[in-house]
């Protein structure tokens, strides 16, 4: 990531204004090796209130039950799915985490009150296309299973902000209020409690059914009003969807509530949620296409009311971490 983005943005970052404190200390951007040898936290690519964020995850691997990766899909079949059809060596991106690129914004506007925001897109690092789950399904409409490429029902549908795109205000005492395309509360929490924290080697990372509480597309909400508050050892969050399908959401209504905290070395979180008329998508492979429709621009949809509960725990003991969790979903 640093090799790619550093070459593109080093000049623009160095051209930005510097404060007296910044000029007094040696910059990690003064020498290319110093930049490569520093962490993201020590040397962010930052210009004023804007910080470039992201990562590129690429690779090449062997799969016993694989399929060629689709150009708009985010990953190979790291788990066995319907079109896992044969032994192959193949490009294997996004094995540790999904490749994303974006910008984070944080600007103080009055006292400790800050204006915050994020615009972030997930990409396929080999096709250089935005991740588009519905399109990956449509690409398989006319292909038999042995000839299909990887395709996934996903909350990312080719938008410029297919990961997140929100704006809001934040204050240390009163919390953070944001509006826009945002991870569901379960998406953020389940990822944080995943002991493997990997797309390729964790079922939690591979399938968004867990964070979507039974429906992968509801793992992100396009028009989410989200409030988060931390008070001493406790944290609280509530999220509700504004609008329905017309606003780019995967359900007509969706809400989640979270309560958690840290008690010494013990971390606990509980999240409950509900989605009305969540759209579960699939391709028409093996089924007749409706007459008059473009096979490259249509998918099948099944609507379902989904919801559930996630109970998560982590205990830190010296160099060890112990995890426990339960995710129950209903349809």
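The values are calculated or read from the model by the stated rules, or taken from the named source; none is laboratory data. Because the structure is a prediction, the values reported are computed rather than measured. Reconstructed Cβ throughout: ideal geometry from the backbone, glycine too, with neighbour counts over all protein chains shown.
Observations on the model:
- Taken over region 275-299, residues that are under 14 Å from residue 214 (Cα atoms) and free of Cβ contacts under 8 Å to residues at least 60 places away in the same chain amount to 2.
- Residue within region 314-322 that is part of a loop (DSSP other than H, G, I, E, B) and in contact (Cβ under 8 Å) with a residue 24 or more places away in the chain present: no
- Residue 119 modelled with pLDDT under 95, crowded, with 18+ Cβ neighbours inside 10 Å, in contact with a strand residue (DSSP E or B) (Cβ under 8 Å, 6 or more places away or on another chain) and over 26 Å from residue 289 (Cα atoms): no
- If only residues of region 299-313 that are part of a strand (DSSP E or B) and in contact with a helix residue (DSSP H, G or I) (Cβ under 9 Å, 6 or more places away or on another chain) are counted, the one that is surrounded by the fewest Cβ atoms within 10 Å (Cβ to Cβ) is 300.
- Some residue of region 290-298 being under 28 Å from residue 264 (Cα atoms), in a loop (DSSP other than H, G, I, E, B) and over 23 Å from the mean Cα position of the chain (by Cα): no
- Selection within region 194-218: residues that are closer than 30 Å to residue 171 by Cα and surrounded by fewer than 23 Cβ atoms within 10 Å (Cβ to Cβ). The member of this set that is modelled with the lowest pLDDT is 197.
- Under the condition of being part of a loop (DSSP other than H, G, I, E, B) and touching a residue at least 24 places away in the same chain (Cβ under 8 Å), the residues counted in region 82-101 number 11.
- Among the residues of region 106-157, those identified as within 13 Å of residue 72 (Cβ to Cβ) and part of a strand (DSSP E or B) are 121, 122, 123, 124, 129, 130, 132, 157.
- Residues located in region 167-192, provided they are surrounded by 16 or more Cβ atoms within 10 Å (Cβ to Cβ) and closer than 15 Å to residue 96 by Cα: 191
- Of the strands (runs of 3 or more DSSP E) lying entirely inside region 209-267, not one carries at least 2 residues that are free of Cβ contacts under 8 Å to residues at least 12 places away in the same chain and over 16 Å from residue 178 (Cα atoms).
- In region 171-191, the condition of being touching a helix residue (DSSP H, G or I) at 6+ places or on another chain (Cβ under 6 Å) and assigned to a loop (DSSP other than H, G, I, E, B) is met by at least one residue.
- Residue 232 in the same structural domain as residue 182 (by TED's automatic domain parsing) and over 18 Å from the mean Cα position of the chain (by Cα): yes
- Some residue of region 60-68 being at pLDDT below 90, loosely packed, with under 15 Cβ neighbours inside 10 Å and assigned by TED's automatic domain parsing to the domain that holds residue 197: yes
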